[in-house]
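The values are calculated or read from the model by the stated rules, or taken from the named source; none is laboratory data. This is a predicted model, so every value here is computed, not measured. Here the Cβ positions follow ideal geometry from the backbone for every residue, glycine too, while neighbour counts run over all protein chains shown.
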Amino acid sequence: MENKKAIKLIDKIIANLDETGINTNVLIDDIKELRTYALEQQVPLVVKVLRLAYEHIESNNSFLIPIPNDEEFEDQEETFNEDEDTVDSVESLKYFIALTRNLNNKINILDLKEYKAHLMAN
């Protein structure tokens with residue numbers, strides 16, 4: 001995102017994840033605030049995926065979506081590690097949030113779409 005406040009908030013979320021892990025009280029509020037910046041910038045993909053993410057965190061008290069693999073498959077579901085028992089929730093969430101920092105990067109957009117598909121499937 002291009003908004004300086006949004007970038008600052010992204011950095012804050014990542015720093016908080018490093019310090020305290022997934023603290024749902026603060027984290028959900030921060031993701032909701034980040035979503036408002038995406039609304040202002042009119043980025044529908046980010047608006048949707050951030051909503052799905054905080055709803056997922058609210059219902060699971062964690063982020064159970066794995067980081068997408070580097071390989072590309074025709075079926076988007078296959079681009080995720082299937083063994084969710086090995087999901088590093090904090091690292092995956094940090095990567096997910098970091099993707100929103102640079103929306104001009106095509107890989108970031110593709111990974112956000114993959115997160116969206118996986119969040120919608122769960």
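Scanning segment 102-122 for residues that are over 18 Å from Ile10 (Cα atoms), surrounded by 17 or more Cβ atoms within 10 Å (Cβ to Cβ) and in contact with a Leu (Cβ under 8 Å, 6 or more places away or on another chain) yields Lys116, Leu119. Pairing residues of segment 32-44 that are buried (at least 19 other Cβ atoms within 10 Å of the Cβ) with residues that are assigned to a loop (DSSP other than H, G, I, E, B), at Cβ distances under 6 Å and at least 6 apart in sequence or on separate chains, gives Tyr37/Met1; Tyr37/Asn3. Within segment 78-98, if we keep just the residues that are among the charged types (D, E, K, R) and farther than 24 Å from Ile31 by Cα, the residue that is modelled with the lowest pLDDT turns out to be Glu78.
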